[in-house]
Amino acid sequence: MKLDRDRPDDEIPTSSMADIAFLLIVFFMITTTFTATRGLDFALPEDDDDPPVVEKEESVLIEILPTGELIVDQDPMQLHEIIPYLKPKLERNPKKPVIIRPDTATPYKYMVQVYDELRQGEDHGLAEPINISVPTQREIQSFWY
Amino acid sequence: MKLKATIEHKPNIPTASMADIAFLLIIFFMLTITFEVDKTQVVLPKTTLRYEIPKQSAYVSIDPNGRIRVSDGNEQSALVSAADEVLSMAAGVIAMDPQKVFVVKSDGEVSWDKVDEVIDALKRAKVRDVYLLSDQRTVTDG
């Protein structure tokens, strides 16, 4: 006698797999944020208790006023004029320190602007990277006065 | 004359590889996704030079009101009341990993003394590598 068994299909239902996959894609696409993960490197010198003494006269001092105006070695100067001013000095002494000293009330963006400009010294024809120094207020009070 | 019966083809789109493509995209997004540890809304300063910041760097952010938040790169950033807390946090992170990179994410309008306090705290904590987070400066920015 032949039995007529009603055998169920032994298949895994995959019809909804694409739906699940696209749902996950949408989730990742929405949660992925392309953030600004780039910036200027700002290598900090070691916190030395006995730092090398740099005479103010030997260095170039760039002061940044709260309005964004620049005073380079006591003279007002535009941002694009700094590198041409530094060029002859740095050709004589490439290690000459260039000190950036913003006023405490100066917006941070002006300091970054000057630092960015000085970091591009080599693109403006300088042989070596500029020896930039940004002393903190604590260092200025400790070592300058 | 007997005419041949026309064979009708059912129109169908081949969807067999759709799941493969979908899973490929999922894997791509899973590998590239980075969860932000700091969501402070700031207007970053603009710079011409910008370098890629290593992943899982520690963050110190300063919002336009001068509030400081810190993150070790793994946990979400937390508000701190003073720059001295940045020092203790940074010292703890550096004790665990002396090569840890720190990112200063500050609003461009924040006064220098605030940023100065943070940088000074990082210096005292013996942090060596700091990045100043910035946006790309373009020709139109002047």
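Does the stretch A:86-145 come out rounded, prolate or oblate by the C-alpha gyration tensor, with a ≥ b ≥ c the root eigenvalues, rounded set by a/c under 1.5 and, if not, prolate when a/b is larger than b/c and oblate if not? Oblate shape, in that a/c is at least 1.5 and b/c is the bigger or equal ratio.
Each label was represented as a point 7 Å from its Cα along the Cα-to-Cβ direction; for B:Val139 and A:Ser16 these points are 5.6 nm apart.
Around the amide H of B:Ser134, modelled in the peptide plane, lie the amide H atoms of A:Arg38, A:Gly39, A:Leu40, all under 5 Å away and 5 or more residues distant in sequence or on another chain. Distance from the C-alpha centroid of the stretch B:20-66 to that of the stretch B:105-142: 17 Å, rounded to the whole angstrom. Highest mobility in the GNM of chain B, judged by mean-square fluctuation with C-alpha springs under 10 Å and restricted to B:Tyr131, B:Tyr59, B:Tyr51, is found for B:Tyr51.
For A:Asn131, the residues whose modelled amide H falls within less than 5 Å of its own, excluding neighbours fewer than 5 places apart on the same chain, are A:Val98. Net charge in the neighbourhood of B:Ala121 (other residues with Cβ under 9 Å of its Cβ; Lys, Arg +1, Asp, Glu -1) is -2. Residues in the stretch A:124-131 carry Karplus couplings, in order, of 9, x, 7, 6, 10, x, 6, 7 Hz; the curve used is 6.51 cos²θ - 1.76 cosθ + 1.60 with θ = phi - 60°, and Gly or Pro positions show x.
For the stretch B:14-142, what relative contact order do you get, as a whole percent, if you take Cα pairs closer than 8 Å and at least 6 residues apart? Normalised by residue count, the contact order of the stretch B:14-142 is 29 percent. Listed values for the stretch A:13-21 are Karplus-derived 3J(HN,Hα) couplings in whole Hz (6.51 cos²θ - 1.76 cosθ + 1.60, θ = phi - 60°), namely x, 10, 5, 8, 4, 4, 4, 5, 4, and x replaces Gly and Pro.
Between B:Leu24, B:Leu122, B:Leu87, the GNM of chain B built on Cα springs shorter than 10 angstrom shows B:Leu24 fluctuating the most.
Placing a label point 7 Å from the Cα of B:Tyr51 along the Cα-to-Cβ direction, the residues of the stretch B:111-142 whose backbone N falls under 16 Å of that point are B:127-135. Among B:Asn12, B:Asn65, B:Asn74, the residue with the largest mean-square fluctuation in a Gaussian network model of chain B, with springs joining Cα atoms closer than 10 Å, is B:Asn12. What number comes out for the charge environment of B:Ala82, summing +1 per Lys or Arg and -1 per Asp or Glu over other residues with Cβ under 14 Å away? Once all neighbours under 14 Å are counted, the net charge is -2. Among the listed pairs A:Lys89/B:Lys100; A:Lys87/B:Lys39; B:Lys39/B:Lys123; A:Lys87/B:Lys126; B:Lys39/B:Lys100; A:Lys89/B:Lys105, which are separated by more than 30 Å between their Cα atoms? Violating the 30 Å Cα-Cα cut-off are A:Lys89/B:Lys100; A:Lys87/B:Lys39; A:Lys87/B:Lys126; A:Lys89/B:Lys105.
Computed about the Cα centre, the dipole magnitude for the protein assembly as shown is approximately 1280 debye when only Lys and Arg (+1) and Asp and Glu (-1) carry charge, each at its Cβ.
Label positions at A:Tyr85 and B:Asn12, each projected 7 Å from the Cα along the C-beta direction, are separated by 7.8 nm. In order along the stretch B:19-31, the Karplus-derived 3J(HN,Hα) couplings, from 6.51 cos²θ - 1.76 cosθ + 1.60 at θ = phi - 60°, round to 5, 4, 4, 4, 5, 4, 5, 4, 4, 4, 5, 5, 6 Hz, and Gly and Pro are given as x.
If you take all other residues with their beta carbon under 14 Å from the beta carbon of A:Pro88, and give Lys and Arg +1 and Asp and Glu -1, the sum is +1.
None of the figures in this text is laboratory data; all of them are computed from the coordinates on show. The model shown is predicted, which means the values in this text are computed figures rather than measured ones. Neighbour counts run over all protein chains shown; Cβ positions are idealised from the backbone, glycine included.
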